[in-house]
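This report refers to the structure that appears directly beneath it.
The values are calculated or read from the model by the stated rules, or taken from the named source; none is laboratory data. Treat the numbers as computed from the prediction; the structure is a model and nothing was measured. Neighbour counts run over all protein chains shown; Cβ positions are idealised from the backbone, glycine included. Accessible surface is based on the protein model in full, side chains and every heavy atom, while ligands, DNA and RNA are left aside. Shrake-Rupley method; radii C 1.70, N 1.55, O 1.52, S 1.80 Å.
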Amino acid sequence: MAIFVNSDTRVIVQGMTGRSGTFYTDQSARYAPCYVGGVRPGKGGSQHLDLPMFNSVKEAMAETGANASMVIVPAPYAGDAMIEAIEAGIGVVVCVTERIPQHDMSRVKKALQSSKTVLIGPNSQGILTPGQCKIGVMPTRLTMPGNIGIASRSASLTSEIVAQFSKAGMGQSTTVGIGGDTLHGVNFVDCLKHFRDDDETEAVVLIGEIGGRDEEEAAAYLASLDYGKPVIALVVGRFAPRGRQMGHAGTLSVLGGGTAQDKISCLRDAGAVIAENADDVVAAVKRTQAAG
Amino acid sequence: MMLSENQSKELLCQYGVLIPEGRLAHTPEQAEKLCKDIKARKYVVKAQIAAGGRGLAGGIKFAATPSAVANEARTLLNSKLVTEQTAAAGETVHSVYVEAAIDIAKNYYIAISFDPNSGQPILLASAAGGVEFEQLARMDENAVKTYLFDDKPETRDELIAFLKGVGIEGPEAVETICNAHEAFCENDLTLVEINPFVRTADGKWMAIDAKIALDRNASFRRPEFDSMVEDLGMSSSETEAQKSNINLVKLTGDIGVVANGAGLGLATNDMITDAGGKPANFMDIRTTARSFDVARGVELLLSDPTVKVILLNIHGGGMTAADTVAEGVNFAYSRAARKLPVVAHISGHNAEWGINILRDRQVPVEIFDTMSGAINRVVEIASSGRTG
């Protein structure tokens with residue numbers, strides 16, 4: 001099953017001919033044969049990495065039956081690229097580009113309001129269903145198929161934790177990077193809902209951090225129902241000084257929440273098992289399995 | 001990136017938001033001289049720092065005469081102001097903003113930012129503006145009302161009704177808020193905060209203090225941003241790191257931290273602190289950084305006398321493979337006179353290669369298989385005061 005992407009996903013790449021686009025498309029297509037084409041205005045009719053190129057998302061979808069797009073377009077143009085994919089009605093858009101202006105993301109979010117497209121990212125490592133489909137930039141060597149669903153806000157920390165899971169013999173159903181930006185597509189609640197319906201996922205891991213309200217909203221969602229599967233949460237940035245931006249973007253303090261302590265306590269109150277630190281996540285999952 | 005008070009007010013003023021007449025001064029003499037140009041019966045002297053919470057921390061002083069202005073400026077300038085939002089050591093006051101004191105009838109709070117869920121601009125408004133607003137808002141979440149801006153023209157009436165609900169009334173007030181919204185949308189801003197937004201005794205609406213945040217990610221289409229943020233709040237090492245694709249935030253400890261990725265950097269610092277150590281910095285090497293960028297980041301740590309030992313916590317992935325970071329560390333060590341001990345946890349893409357690079361080039365490194373192992377060791381070295 002997995003969530004959002006699987007072996008039936010057919011992916012096109014917007015910005016495939018650039019340096020990053022070429023590198024990551026090549027890696028992703030070697031990992032799993034889900035890639036069916038690329039989009040770059042003006043390059044329609046040509047081939048790149050043995051895949052057909054198209055001038056627009058609409059055209060690529062019509063010709064290849066693509067239902068997902070990886071957006072790996074430079075930041076100044078990434079907003080428009082996402083909007084093009086959303087307006088073409090594609091199922092899933094994964095945007096790995098970082099440093100996209102918030103006002104551009106505001107327009108993207110507006111376009112999402114009247115569509116069924118699922119946006120993952122931006123500033124995300126992407127999404128990986130091990131052994132089936134990779135749309136993104138994450139390393140795959142230390143991943144394996146299995147039953148742990150992971151949703152996270154940061155890339156390398158997630159890779160580290162995924163590697164720890166694999167080392168412990170615990171595979172992953174799907175790993176979703178919701179992205180490190182304030183304005184992003186799917187959030188923790190969306191991931192929790194999908195993982196709940198996914199038969200293959202037996203436990204869900206949330207990797208959160210200071211800033212934003214994703215963790216608080218996840219806690220409110222978990223408190224509102226009997227989730228039925230163990231949820232394990234790690235929230236990093238417990239000792240980050242207030243008022244300083246630490247890499248990823250935070251939010252206005254009056255919008256509430258934001259501190260790691262607040263996030264940890266509301267997730268704990270909602271029934272999530274809290275991992276003490278980044279080396280404790282695998283053990284925390286095992287604790288829930290022993291208890292269950 | 002936050003703008004200073006006077007820059008924020010200048011921008012809002014261009015959009016027709018009323019502000020008290022004021023001048024920026026760097027010395028007490030300058031403050032005294034400049035305030036004579038301001039038509040006012042009384043003055044306010046405000047410490048210019050990047051963090052909020054000044055009012056409660058004694059960073060805002062009233063003065064009746066130009067010589068009193070000079071005295072207050074003398075007390076504030078070069079002092080360290082510790083507020084709720086600064087680091088424990090506080091922030092040094094390099095300039096003061098002198099402005100006309102306004103006869104205030106009532107304080108309000110307004111802010112425009114993005115609503116994270118809808119991604120649309122949102123207005124926050126409260127009838128409890130002023131220095132204690134943030135504390136009040138934390139205790140009582142109903143103290144702040146929110147209104148989602150929409151681009152439909154008929155929403156002006158909704159906005160008027162919303163503002164009336166928090167006690168902000170009259171065409172002048174609504175106009176001011178619409179102007180602030182326009183400034184937000186036209187300048188790639190991520191925050192416009194006016195606190196207090198006041199009704200003056202003579203019935204005008206005015207921004208007494210303002211905070212504006214620019215979106216650095218929009219710099220490619222806002223060439224003016226670079227000059228606006230030139231000397232704002234960032235230490236020179238932080239600015240230097242930015243140029244090298246590294247986010248660096250200076251902290252107060254003695255363990256230099258090199259990590260790739262914001263989440264990994266935060267996780268590392270949490271674990272150091274839990275183990276009884278103190279990170280000297282937060283570091284996030286961006287995915288686009290090359291070896292030379294990493295070298296620059298490591299050099300900044302090596303040249304910082306407060307740093308006693310360096311922790312590498314790297315998970316290679318995609319483009320920033322572990323060997324890229326190791327090469328960078330090696331470059332820095334080959335050039336630096338001060339070779340601090342390195343404790344490393346390196347995993348992920350090309351980890352073995354990265355470890356080999358460090359060992360072959362004789363970087364003084366100890367390698368650990370787990371993060372906890374490396375962190376316990378680095379804390380041990382730092383607390384023993386050994387410097388290799």
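Return the calculated 222 nm mean residue ellipticity for chain B, to the nearest 500 deg cm²/dmol, obtained by summing -39500 (n - 2.57) across DSSP H runs with n ≥ 4 and dividing by the residue count. Theoretical 222 nm ellipticity from helices: -10500 deg cm²/dmol. Summary of the geometry: segment B:123-199 and segment B:263-303, compared by the centres of their Cα atoms, lie 39 Å apart. The distance between label points at residue B:27 and residue B:292 comes to 4.2 nm (points 7 Å beyond Cα on the Cα→Cβ vector). Counting 0.36 nm for each residue step from residue B:155 to residue B:306 and taking away their Cα separation leaves a gain of 48.8 nm. Using heavy atoms of the protein chains and a probe of 1.4 Å, the accessible area assigned to residue B:158 is about 100 Å².
Charge dipole (Cα centre; +1 on Lys/Arg Cβ, -1 on Asp/Glu Cβ; no other charges) of segment B:272-342 amounts to roughly 220 debye. Electrostatic bookkeeping for residue A:75 treats Lys and Arg as +1 and Asp and Glu as -1; over the other residues with beta carbon under 10 Å from its beta carbon, the sum is -1. In degrees from 0 to 90, rounded to the nearest 10, what is the angle of the helix A:214-223 Cα long axis to the longest principal axis of chain A? Helix A:214-223 sits roughly 60 degrees off the main axis of chain A.
In chain A, a dipole from Cβ-located charges (positive for Lys and Arg, negative for Asp and Glu) runs towards its positive end, and of A:71, A:175, A:90 it is A:71 whose Cα lies farthest in that direction.
Only Lys, Arg, Asp and Glu carry charge here, each on its Cβ (+1 for the first two, -1 for the last two); on that basis chain A has a dipole of about 460 debye about its Cα centre.
Would you please classify the overall shape of segment A:1-123 from the alpha carbon gyration tensor, given that a ≥ b ≥ c denote the square roots of the eigenvalues, rounded means a/c under 1.5, and beyond that prolate means a/b larger than b/c while oblate covers the rest? Here segment A:1-123 falls in the rounded category. The calculated Kirkwood hydrodynamic radius for the protein assembly as shown is 26.4 Å, given to one decimal from all distinct C-alpha pairs. Segment A:192-238 to segment B:41-88: how many Å between their Cα centroids? Each part's Cα centre sits 44 Å from the other's. For residue A:114, neighbours were defined as the other residues whose beta-carbon sits under 13 Å from its Cβ, and their charges (Lys and Arg +1, Asp and Glu -1) total +3. Label reach from residue B:226 (point 7 Å along Cα→C-beta): in segment B:180-203, amide nitrogens under 20 Å belong to B:187-189. If you take the beta carbon distance between residue B:182 and residue A:8 as r and set R0 to 30 Å, what does 1/(1 + (r/R0)^6) give as a FRET efficiency, to the nearest 0.05? It comes to 0.05. Distance between the pseudo-spin-label points of residue B:75 and residue B:361 (7 Å out from Cα toward the beta carbon): 5.4 nm.
Net charge of the neighbourhood of residue B:143, taken over other residues with C-beta under 13 Å away and scored Lys/Arg +1, Asp/Glu -1, is -2. For segment B:65-113, what does the alpha-carbon gyration tensor say about shape, rounded, prolate or oblate, given a ≥ b ≥ c as the root eigenvalues, a/c under 1.5 as rounded, and a/b over b/c as prolate? Oblate, because a/c is 1.5 or more while a/b does not exceed b/c. Principal axis extents of the C-alpha atoms in chain A (largest first, rounded to whole Å): 56, 42, 31. Not counting ligands, DNA or RNA, and with a 1.4 Å probe, what is residue B:65's accessible surface area in Å² rounded to the nearest 10? Result for residue B:65: roughly 60 Å² accessible.
Model label points for residue B:94 and residue B:136, set 7 angstrom from Cα along the Cα-to-Cβ axis, are 3.3 nm apart. Show which lysines lie in cross-link reach of residue B:339 when reach means a straight Cα distance below 29 angstrom and same-chain residues fewer than eight apart are skipped. Correct list for residue B:339: B:243, B:250, B:278, B:308. Across segment B:21-101, Cα pairs under 8 Å and at least six residues apart give a relative contact order of 44 percent. If you plug the beta carbon distance of residue B:169 and residue A:26 into 1/(1 + (r/R0)^6) with R0 = 51 Å, you get a FRET efficiency near 0.25.
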